[in-house]
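Shown next, in structure tokens, is the structure this report addresses.
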Amino acid sequence: MSELTKVLKERRSATKFHPEVEITEQELEEIFSLVKYAPSAFNLQHAHYVVVRDPEKKNKLYETANKQYKVKTASAAILVLGDLNAYENVGKMNEGMLHLGIINKQELDMTVESVTQFYEDRGESFKRDEAIRNASLSAMLFMLIAKDQGWDTCPMIGFDPEQMREELNIPEQYVPVMLIALGKEDVSGQRLRGYRKPVGELVTYNGF
């Protein structure tokens, strides 16, 4: 069994954590240093993470997240955001390629124009879909890397996004995508993994 297969099979959504366990900023930085390699449309890197380790602040998020015990006991509660305006940074994201001589100024200008038009022509709902879609790709990678580093996680949607926005002073350009509780799982009373569809039920080849 490969290391990746082992991580995939061992990663589970933790329902409660050991509350005495802390995670350091350095440990989080090591995770995020790998998360940055997540794929994103046009390399716009829509995802942004708000990490809450402070116990008092975490308790406030616990209230916002319908008093789910996993938030209270987690070493960190991490809000994943998607940037609605990520496309506006397309020039900045490609400047390095210009300086390295990989593309010229005309190619950079064409890239900026085409990506900007791509998003603006499709409107606000598309920008929101893209923010959520690309941040979700990043969040999944975050959870896999965290598991590989010895941490357990649980993605959550059971929270009030507007209360969360107010509590964490989130700018309007970001849409809350999910909350991830992270820590060391308390496996006492852990249930069997939920049913997974067989491949034949989740895959169709060449159309329905």
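Coordinate-derived values only; no laboratory data. On a predicted model such as this, the values are computed, not experimentally measured, just so you know. Because the Cβ atoms are built from the backbone with ideal geometry, glycine has one as well, and the counts that use them run over all protein chains shown.
Return the equivalent ellipsoid semi-axes of segment 79-154 as a descending list in whole Å, where each equals the square root of 5 times an eigenvalue of the C-alpha gyration tensor.
On the way: eigenvalues 176, 73, 10 Å².
Square roots of five times the eigenvalues give 30, 19, 7 Å.
Based on alpha-carbon centroids, what's the gap between segment 139-208 and segment 75-91 in Å, whole number please?
The two parts, judged by their Cα centres, are 16 Å apart.
Please report the Cα spread of the chain along all three principal axes, rounded to whole Å, starting with the longest.
60, 45, 34
So what is Rg over Rh here for segment 111-208, counting just Cα atoms and using Kirkwood for Rh? Don't skip to the end; give the middle numbers.
Values: Rg = 18.4 Å, Rh = 17.2 Å.
Ratio value, two decimals: 1.07.
Using θ = phi - 60° and the Karplus form 6.51 cos²θ - 1.76 cosθ + 1.60, what ³J(HN,Hα) does each residue of segment 104-111 get, whole Hz, x for Gly and Pro?
Computed from phi, the couplings for segment 104-111 are 9, 4, 5, 5, 5, 4, 5, 5 Hz.
Please report, largest first and rounded to whole Å, the three semi-axes of the ellipsoid equivalent to segment 1-121, where each semi-axis is the square root of five times an eigenvalue of the C-alpha gyration tensor. Show your work: numbers first, answer last.
Numbers: eigenvalues 276, 71, 37 Å².
Computed over segment 1-121, the values are 37, 19, 14 Å.
Would you mind checking segment 1-24 for residues with the amide N under 16 Å from a putative spin-label position 7 Å along Cα→C-beta of residue 193?
So the set is 1-15.
Can you list the HN-Hα couplings for segment 81-97, worked out from phi with the Karplus curve (6.51, -1.76, 1.60; θ = phi - 60°), rounded to whole Hz and with x for Gly and Pro?
Once θ is set to phi - 60°, the couplings for segment 81-97 become 10, x, 8, 5, 10, 4, 5, 5, 9, 4, x, 4, 5, 10, 4, x, 5 Hz.
Under a straight-distance cross-link criterion of Cα-Cα below 17 Å, which lysines are reachable from residue 147, leaving out those fewer than 8 residues away in the same chain?
Of all the lysines, those that pass the test against residue 147 - Cα under 17 Å, at least 8 places apart if same chain - are 6, 9, 16, 36, 70, 184.
How many nm is it between the label spots at residue 21 and residue 129, if each spot is 7 Å from the Cα in line with the beta carbon?
Computed distance between label sites residue 21 and residue 129 equals 3.9 nm.
Using amide H atoms built in the peptide plane, which far-off residues or other-chain residues are under 5 Å from residue 75 H to H?
Close amide H contacts, sequence-distant or interchain: 182, 183, 184.
Going by Cα centres, segment 95-110 and segment 1-43 are how many Å apart?
34
Hey, what do the phi angles of segment 140-153 turn into as Karplus ³J(HN,Hα) couplings, whole Hz, using 6.51/-1.76/1.60 and θ = phi - 60°, x for Gly and Pro?
With coefficients 6.51, -1.76 and 1.60, one gets 5, 5, 4, 5, 5, 5, 4, 4, 4, 8, x, 10, 10, 9 Hz.
Skipping prolines and chain starts, which residues have an amide H placed within reach, meaning under 5 Å, of the one on residue 177, given they are 5 or more residues away or on another chain?
Here the answer is 80, 81, 82, since their amide H atoms fall under 5 Å of that of residue 177.
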